[in-house]
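A.B. asks: Handing you this structure, nothing more for now.
The values are calculated or read from the model by the stated rules, or taken from the named source; none is laboratory data. Since the structure is predicted, the reported quantities are computational estimates derived from the model, not experimental observations. FYI the Cβ positions are ideal-geometry reconstructions off the backbone, even for glycines, and counts take in every protein chain you see. For accessibility, only protein heavy atoms count, side chains too; no ligands or nucleic acids. Shrake-Rupley method; radii C 1.70, N 1.55, O 1.52, S 1.80 Å.
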Amino acid sequence: MTGVVSAHDEHGNRSAIIFLVFTALLAGLLFPLTGSLAGTQDGDGVLTALISTQQLTWYFWGQDRLLNLFPALAAPIQDVEWNLHFQIFLRSLCAYLAPLGVLVFIQRSPRVMAAAIAITNIILIVSMSQYAQFNVYVQHNTFGVSLVLFAVSYLVFWSTLPVLARAILVLLICSVAYATNYALLMYSIPAIIGFGMLRMAEWRRFVPFLAINCIAVLIAKFHAQAFGDPSTAFGLNFTLDAYPHAFGVLAENLNLPVLSVCAVIAVVCFVTNKHKPMFEFLGVALLAVAMFVLLCGTQWLQTNAYNIRYYITCGILLTSLMGYAIAVHLVERKRPVGFICIAGLIACLFLPLGGFKSDYNELVNPRWRSDSKEIARVAHETQARFVIGGFWDVWPTVFEAEELRDGDAHMVYGGAFRGHALTQEILESLQKEPGQNALCFLTEVQACLDELKSTLRTAPEVTFTGDAATPVTVAGKQMIEFKVSLN
């Protein structure tokens, strides 16, 4: 009988893993095509495709964080549009799997984890505003991949691989996780310590896992200093007025009545479940609250108006607990968990995510879409090599212009913030070919040249010259065309 039960459990676990992979692929492929998430990319979002196809650097241009993992994986795809589609697929896929970073410590049953991840995502989707959904699933952020990598490192460390192989793999995976999202350490290190204290019988495992993570944090830090562009300062400035502002952002981006109902259901399920990891739940919840308090006290968040994207990890921690409690309740009572999860995810596709509309394949946000397409068309027709102006206008335009280039060897450069990653290539290009066409959002040549020099961060002795400008009106915007050369 034991063998039969074991075979049944093995089959159930295999089916759960297949279910998890299927639903993750469903999220990666379909979520970005819905009315709520399709065509929502801004300058930051499209820039990763240009990083991938124009100049792949270790970190996001001008940053000492956000390791360019997805741009590197997408680099073989040189069509800039499909490159970005693939990166958005990876973002959505990892965002869906992000609860693994929490659940892997509480429960390693594939059946429970697969259901809990699906339910967690359903709770997130139905309780978030469109802007919050955008930040979780398709915005350029790295919380998802870092949590997934952290979960994978935990599973690898508890695997049956040889000790040395496990240590090397875990160190590599964790180093990438922290370089991708250095803020991960606010969750990972306390989580390892906390769960290790709750499971003293396994301390021989948790202590070396903690040591490897600490080494990985240092590796990520030194790698960022060596290859990144120092720009991030997380100074602390705890003020009482920070918290009302933060709560206001949460209230604006969360459907609090729906989230409250989900929380009540989760509590009821937790109380009635046979398996109640009380201390684990309490520890994760307190950690989420502590992270929220710490984040509100950082100058970085205060400078960025307490944007909802910075609280995503806190939300993942709390909703993962809800998803787990409900999943265990369904599994213990032998409910059709798979059917319930699939039905819930499909309902999310057509209700809170808005279904599939005619512009499901668009990438750029409507705020910039029509203008960027029209200006890119003019840039293509005039063979402009430079598009100069503000960050939010330039990069969507360069993205569209690169798509129109269609194999032409002459790429289009962005003369805007973060464009300095291509300075050396641009200077060499102008030395070989003076008098290259430029299309500028400003209305005076000197202002355009000053913007280009500031953007490229060139040495004082490097100056640009431009010929007489030709005024043009594109998409209702007053712009100029001129030729730019090195002095």
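A.B. asks: Taking Cα atoms, how many degrees apart are the long axis of helix 203-227 and the longest axis of the chain, rounded to 10 and kept between 0 and 90?
C.D. replies: Approximately 0 degrees, to the nearest 10.
A.B. asks: Here's a follow-up. By how many nm would the segment from Ile346 to Leu198 lengthen if fully extended, with 0.36 nm per residue of separation less the alpha-carbon distance?
C.D. replies: 49.5 nm
A.B. asks: Something else about it: Considering the zone a paramagnetic label at Gln383 would reach in this model (a point 7 Å from Cα along the Cα-to-Cβ line), which residues of region 454-487 have amide N under 14 Å from it?
C.D. replies: Those under the cut-off are 483-484.
A.B. asks: Given an 8 Å cut-off on Cα distances and at least 6 residues of separation, report the relative contact order of region 175-271 as a percent.
C.D. replies: The value is 28 percent.
A.B. asks: Would you mind checking which residues have amide H under 5 Å from Gly415's amide H? H placed 1.01 Å from N; only 5 or more apart, or other chain.
C.D. replies: Distant-sequence amide H within range of Gly415: Val387, Ile388, Gly389.
A.B. asks: With the other protein chains left in place, how much accessible area per residue, in square angstrom, belongs to the chain at a 1.4 angstrom probe?
C.D. replies: 44 Å²
A.B. asks: Given the Cα-Cα distance of Leu286 and Glu374 and 0.36 nm per residue of separation, how much length would full extension add, in nm?
C.D. replies: 26.6 nm
A.B. asks: Within region 167-189, what residues put their amide N at less than 20 Å from the label point 7 Å along the Cα-to-Cβ vector of Asn304?
C.D. replies: Once the point is set 7 Å along Cα→Cβ of Asn304, 176-189 turn out to lie under 20 Å by backbone N, inside region 167-189.
A.B. asks: When ranked by the protection proxy of mean other Cβ atoms within 10 Å per residue, highest first, what sequence do the peptides 90-102, 444-456, 266-278 form?
C.D. replies: The most tightly packed comes first, giving 90-102, 444-456, 266-278.
A.B. asks: Still on this structure, please answer the following. For region 311-377, what is the largest minus smallest coordinate of the Cα atoms on each principal axis, given in angstrom and ordered from greatest to least?
C.D. replies: 59, 28, 14
A.B. asks: Over the chain, what is the relative contact order in percent, taking alpha-carbon pairs closer than 8 angstrom and at least six residues apart?
C.D. replies: Computed value for the chain: 19 percent relative contact order.
A.B. asks: When the accessible area of region 251-338 is split by element with a 1.4 Å probe, what percent falls to carbon and sulfur?
C.D. replies: Whole-percent figure for carbon plus sulfur exposure: 72.
A.B. asks: Which entry in (i) 52, 30, 21; (ii) 40, 28, 21; (iii) 45, 24, 21 is this structure's computed semi-axes √(5λ) of the Cα gyration tensor in Å?
C.D. replies: It is the value labelled (iii).
A.B. asks: Give the percent of DSSP beta bridges with both residues in the chain that are antiparallel, rounded to the nearest 5.
C.D. replies: The antiparallel fraction comes to roughly 70 percent.
A.B. asks: Same structure again: Cross-link list Lys432/Lys453; Lys276/Lys334; Lys221/Lys453: which exceed 24 angstrom alpha carbon to alpha carbon?
C.D. replies: Lys221/Lys453
A.B. asks: Could you calculate the FRET efficiency of Ala459 with Phe227 from 1/(1 + (r/R0)^6), where r is the beta carbon distance between them and R0 is 22 Å, rounded to 0.05?
C.D. replies: The value I calculate is 0.55.
A.B. asks: Related question: So what is the relative contact order of region 267-421, in percent, for Cα pairs below 8 Å that sit 6 or more residues apart?
C.D. replies: 17 percent
A.B. asks: Grab the Cα-Cα distance for Asn487 and Val268, subtract it from 0.36 nm times how many residues apart they are, and report the gain in nm with one decimal.
C.D. replies: Here the answer is 71.6 nm.
A.B. asks: Residues with amide H under 5 Å of Thr298's amide H, sequence separation 5 or more or different chain, H placed in the peptide plane at 1.01 Å from N; which?
C.D. replies: When sequence neighbours closer than 5 places are left aside, the close amide H contacts are Asn237.
A.B. asks: Evaluate the distance, in nm, between pseudo-label points positioned 7 Å from the Cα of Glu428 and of Ser358 along their respective Cα→Cβ axes.
C.D. replies: Going from the Glu428 label point to the Ser358 one covers 4.6 nm.
A.B. asks: Which one of Thr382, Leu427, Asn304 has its Cα pushed farthest toward the positive end of the charge dipole of the chain, where Lys and Arg give +1 and Asp and Glu give -1 at the Cβ?
C.D. replies: Of Thr382, Leu427, Asn304, it is Asn304.
A.B. asks: Hey, can you rank 469-479, 215-225, 417-427 by average C-beta count inside 10 Å, highest first?
C.D. replies: 417-427, 215-225, 469-479
A.B. asks: For Lys477, which lysines qualify as cross-link partners when the Cα separation must be under 18 Å and same-chain residues fewer than eight apart are set aside?
C.D. replies: Straight-distance partners of Lys477: Lys373.
A.B. asks: For the peptides 459-468, 347-356, what is the packing order when you average, over each peptide's residues, the other Cβ atoms within 10 Å and list the highest mean first?
C.D. replies: 347-356, 459-468
A.B. asks: Among Trp82, Val46, Thr23, which residue has its Cα positioned farthest towards the positive end of the charge dipole of region 1-93, with +1 placed on the Cβ of Lys and Arg, -1 on the Cβ of Asp and Glu, and the dipole taken about the Cα centre?
C.D. replies: Thr23
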